[in-house]
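These notes concern the structure reproduced below.
The values are calculated or read from the model by the stated rules, or taken from the named source; none is laboratory data. Note that the structure is predicted; figures quoted are calculated from it, not measured. Counting neighbours? That spans all protein chains shown, and the Cβs are built from the backbone with ideal geometry, glycine included.
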Amino acid sequence: MSGAIVLVIGGGGREHALALGLATSPSVSEVHVAPGNAGTASMATNHALPDSDVEGLVELAEKLDCDLVVVGPEGPLVAGIADMLRTKDIPCFGPHSAGAELEGSKLHAKQVMQQNGVPTAGVQIIDDVTQIEAALDRFQPPWVVKRDVLAGGKGVTVTDERDIARDALSSAIASDSFVLLEEFLAGEEASMLVLLDESGWVALPASQDHKRVGEGDTGPNTGGMGAYAPAPVVTDAVRDKVFERIVEPMHGWLSAQETPYRGCLYVGLMIDEDDDPYVVEYNVRFGDPETQVTIPLISSDLYQLLLAVAEGRVADTTPEFSDSHALTVVLASQGYPGPPRTGLPISLASEVLVDAGSSALVHHAGTGHDEQGRLVASGGRVLASTGIGSSLEEARDAAYDLLAGIELEGSHYRRDIGHRAL
Ligand code: AMP
Ligand code: GLY
């Protein structure tokens, strides 16, 4: 019997991690990635289609006769790729466009949370600049201003400065006609990735991202500068509360919708000092870089798990997890999270490191080849060095050891990934 053909959509570190996980499945014979990066090019077949070309991607999936399409980023999901694949009977891991609105619209997500009694920050919708001063008085600093647009984590301003909050509010009203001003939640953040369909759900080991660009969690927000899993802030007691107060009600609501949600629900959590969890955001996909530290902890067959979700039968699966720890450090181009300097060559002493009891690998993100075939940086987050070990310290040491052999002029990374747990 010939093996399964899988197409992974996207070109970041998350997609490299997914492609690597799928390639280890004994059921899989071909992994394709669109558009992929230099890392996926070395272990799968890349197709030069941007993730915005939804029709082209559906055609590609048909042409390849795919058994499963796994969608990495939110853009194609919001644009309806899952809806289109389902009309062609191609199993798709990733929700339909209505489900993707949980990420596409922060206002919609907030309304769903409120309707279902899911704990989250209070919010005020502001659609007129004359309401701004009273709203700022009512909420007190730090202020949390959220635009209702897909902005890759960059549509949120958290600030103690009234002038900055006022500017963020008024420019959002000018461009989008309204904006959300949210109550500030204090505590520690964690990410819970839940694989969910109408039959049930499976929570993956909780992880923690590092969203700020600078060490000690300073500077502007980024897509994520590093992550580790499991995150000890999610104790068994916290986990139970997340399941009971957040995942169960969301599963109930999603299962009652006309078209079932089949994919990953990324629950961005704030855990307060009483160990009570609140939802900061939902994403409708795997996290990046959370995926790079989560996939290596799944010890059972990833393809069978994702296929089961795409076919609405996750309740029949019994995924297994290893008791290892994983930690990933993102190497970013000069300038990131502002406009990155790209096109510079990357020198890699090695892509893997194996030590007694621990190992590390490079997850490529913004990498490609130039005309001379040299490995070059092509984006803001260039690659991630991911360590796996029997303790978090071992995982961290392996990740930083591998990273020490990587050179990219002007690049930067955080040296304190995992600091809250270590
Ligand atoms: P979001 O895109 O909604 O995840 O927001 C980006 C980041 O802003 C989050 O990861 C948090 O670090 C921060 N943030 C968002 N909402 C809040 C909130 N209500 N209170 C505190 N921090 C927040
Ligand atoms: N690491 C944050 C995200 O994937 O949205």
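Can you tell me which residue among Gln140, Gln131 is over 20 Å from the mean Cα position of the chain (by Cα), more than 19 Å from Ile246 (Cβ to Cβ) and at pLDDT 95 or above? Only one candidate passes the filter, namely Gln131.
Considered as a group, the residues in segment 311-328 that are farther than 12 Å from Val202 by Cα and touching a Gly at 6+ places or on another chain (Cβ under 8 Å) include one that is surrounded by the fewest Cβ atoms within 10 Å (Cβ to Cβ), and that residue is Ser324. Can you tell me how many residues in segment 256-267 are in a strand (DSSP E or B) and of a type outside the set (Ser, Thr, Tyr)? Looking only at that region, the number is 4. Looking at segment 31-87 only, could you name the residues that are assigned to a strand (DSSP E or B) and within 21 Å of Ala4 (Cβ to Cβ)? Of everything in segment 31-87, those that are assigned to a strand (DSSP E or B) and within 21 Å of Ala4 (Cβ to Cβ) turn out to be Val31, His32, Val33, Ala34, Thr45, Asn46, Leu68, Val69, Val70, Val71.
Remark: pairs (first residue in segment 125-147, closer than 15 Å to Glu161 by Cα; second residue in a loop (DSSP other than H, G, I, E, B) and of a type in the set (Gly, Ala, Ser); Cβ separation under 8 Å; 6+ apart in sequence or on different chains) = Val144/Ala121. For segment 294-306, the count of residues that are closer than 19 Å to Arg14 by Cβ, at pLDDT 95 or above, in contact with a strand residue (DSSP E or B) (Cβ under 6 Å, 6 or more places away or on another chain) and within 16 Å of ligand 2 (Cβ to nearest atom) is nonzero.
Evaluated against (1) assigned to a loop (DSSP other than H, G, I, E, B); (2) away from ligand 1 (no atom under 12 Å from the Cβ); (3) buried (at least 23 other Cβ atoms within 10 Å of the Cβ), Gly224 falls short on exactly one condition, (2). Return a yes/no flag: does segment 154-169 have any residue that is within 18 Å of the chain's Cα centre (by Cα), exposed (fewer than 15 other Cβ atoms within 10 Å of the Cβ), within 16 Å of ligand 2 (Cβ to nearest atom) and under 21 Å from Arg285 (Cα atoms). Yes, there is a match, as at least one residue in segment 154-169 is within 18 Å of the chain's Cα centre (by Cα), exposed (fewer than 15 other Cβ atoms within 10 Å of the Cβ), within 16 Å of ligand 2 (Cβ to nearest atom) and under 21 Å from Arg285 (Cα atoms). For segment 332-375, the strands (runs of 3 or more DSSP E) that sit wholly inside it and include 2 or more residues that are over 23 Å from Glu394 (Cβ atoms) and within 25 Å of the chain's Cα centre (by Cα) are 367-369. Just to be sure, is Ser175 among the polar types (S, T, N, Q), more than 21 Å from Val118 (Cβ to Cβ) and either within 14 Å of ligand 1 (Cβ to nearest atom) or surrounded by fewer than 23 Cβ atoms within 10 Å (Cβ to Cβ) (or both)? Yes, satisfied.
Being assigned to a strand (DSSP E or B) and either in contact (Cβ under 8 Å) with a residue 60 or more places away in the chain or among the charged types (D, E, K, R) (or both) is the filter here; which residues of segment 7-30 pass it? I'd like the intermediate steps shown before the answer.
In the first step, residues of segment 7-30 are kept if they are assigned to a strand (DSSP E or B); the result is 7-10, 28-30.
Hits for segment 7-30 are Leu7, Val8, Ile9, Gly10, Val28, Glu30.
When Arg147 is tested against the conditions (1) closer than 25 Å to Gly338 by Cα; (2) within 16 Å of ligand 1 (Cβ to nearest atom); (3) in contact with a Phe, Trp or Tyr (Cβ under 8 Å, 6 or more places away or on another chain), the lone failure is (3). If the condition is being surrounded by 24 or more Cβ atoms within 10 Å (Cβ to Cβ) and within 12 Å of ligand 1 (Cβ to nearest atom), then segment 195-221 contributes Gln208, Asp209, His210. Quick one: in segment 366-422, of everything that is surrounded by 18 or more Cβ atoms within 10 Å (Cβ to Cβ) and among the polar types (S, T, N, Q), which residue is farthest from Asp355 (Cα to Cα)? Looking at residues that are surrounded by 18 or more Cβ atoms within 10 Å (Cβ to Cβ) and among the polar types (S, T, N, Q), I get Ser378. Please work out if Val158 is near ligand 1 (Cβ under 10 Å from one of its atoms) and among the hydrophobic types (A, V, I, L, M, F, W, C). In short, yes. Scanning segment 188-229 for residues that are within 16 Å of ligand 2 (Cβ to nearest atom), under 23 Å from Met250 (Cα atoms) and either in contact with a helix residue (DSSP H, G or I) (Cβ under 9 Å, 6 or more places away or on another chain) or modelled with pLDDT under 95 (or both) yields Ala190, Ser191, Met192, Leu193, Val194, Leu195, Leu204, Pro205, Ala206, Ser207, Gln208, Asp209. Checking Val382, Val352, Val330, Val376 one by one, the residue that is under 15 Å from Pro296 (Cβ atoms) and in contact with a strand residue (DSSP E or B) (Cβ under 8 Å, 6 or more places away or on another chain) is Val352 and no other.
Output the residue which, of all residues in segment 268-287 that are in contact with a strand residue (DSSP E or B) (Cβ under 8 Å, 6 or more places away or on another chain) and part of a loop (DSSP other than H, G, I, E, B), is farthest from ligand 2 (Cβ to nearest atom). So that I can check it myself, show each step before the final result.
If we filter segment 268-287 for residues that are in contact with a strand residue (DSSP E or B) (Cβ under 8 Å, 6 or more places away or on another chain), which is where we start, we get 268-272, 277-287.
Adding the requirement that they be part of a loop (DSSP other than H, G, I, E, B) leaves 272, 284-287.
Values: Asp272: 20, Val284: 10, Arg285: 8, Phe286: 7, Gly287: 3 Å.
Applying the filter and picking the extreme gives Asp272.
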